[in-house]
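One structure is given here, and the rest of the page talks about it.
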Amino acid sequence: MSGSDEQIAVVRALIAQGDLAGGPPGVVGWLRRLCIVAAQTLPASGVGVSLMGDDGSRGVAAASDLVGEILEELQFALGEGPCIDAFASRRPVLEPDLGKGTAARWPAYAPAAHAHGVCAVFAFPLQVGAARLGVIDVYRRSPGLLSPESLGRKSSVIPWRACPSARSLDGGSGSGGDVRVVSA
């Protein structure tokens, strides 16, 4: 088993533990557990997932905690932030210190996030083939870059087929592509 396969197996096991512990059922519950597991396994304070469409539809799908949910909602309410930039550019947005030079980039979001105790944020687009699904945001309460090891761990393929209702993404065949987290 490769290192990537082992990481996926660990994530699936942790998510399954959450299934046994209760919580929301279905895709929403799975995404919330994924956020919690990601926050536990990465050097992160929290994680959020937002779903976005090319038609302008967007919304918070799940977050590991209340601050993550607030951060996701803030970006949509303010119309700016790393999630929106990552989705539009189809590239990761890595901001290791919200206190340095982000006022010009995100004049409303950066101070609002900082006011909630967030010092660093990293946004990664989610894709299935060429189709964009949304963004996963990782945030920290301390400034600093994610290590190359952490970026590698995060950028491995999310075990999407473990998700309830994932079959609906590929017409029910179960053979559709895994969701790929676009890496830095």
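The values are calculated or read from the model by the stated rules, or taken from the named source; none is laboratory data. Because the structure is a prediction, the values reported are computed rather than measured. Please note: Cβ atoms are built from the backbone with ideal geometry, for glycine as well, and neighbour counts cover all protein chains shown.
Things to note:
- When F87, F76 are checked against the criterion of being within 13 Å of the chain's Cα centre (by Cα), part of a helix (DSSP H, G or I) and on the phi < 0 side of the Ramachandran plot, a single residue qualifies: F87.
- Among the conditions (1) closer than 24 Å to S45 by Cβ; (2) modelled with pLDDT under 90; (3) not in a strand (DSSP E or B), the only one that L169 does not satisfy is (1).
- Enumeration of residues in the stretch 103-134 that are in contact (Cβ under 8 Å) with a residue 40 or more places away in the chain and over 17 Å from C83 (Cβ atoms): G117, V128, G129
- V157 of a type in the set (A, V, I, L, M), within 25 Å of G56 (Cβ to Cβ) and modelled with pLDDT under 85: no
- Selection status of V93, at pLDDT 90 or above, farther than 12 Å from G134 by Cβ and among the β-branched types (V, I, T): yes
- Candidates in the stretch 105-136 are the residues that are part of a loop (DSSP other than H, G, I, E, B) and of a type outside the set (A, V, I, L, M); of these, the one that is farthest from I70 (Cα to Cα) is G129.
- Scanning the stretch 48-73 for residues that are in contact with a Lys or Arg (Cβ under 8 Å, 6 or more places away or on another chain) and part of a strand (DSSP E or B) yields S50, L51, M52, A62, A63.
- Hits in the stretch 85-112 - residues which are hydrophobic (A, V, I, L, M, F, W, C), more than 18 Å from P43 (Cα to Cα) and either crowded, with 22+ Cβ neighbours inside 10 Å or touching a helix residue (DSSP H, G or I) at 6+ places or on another chain (Cβ under 8 Å) (or both): A86, F87, A103, W106, A108, A110, A112
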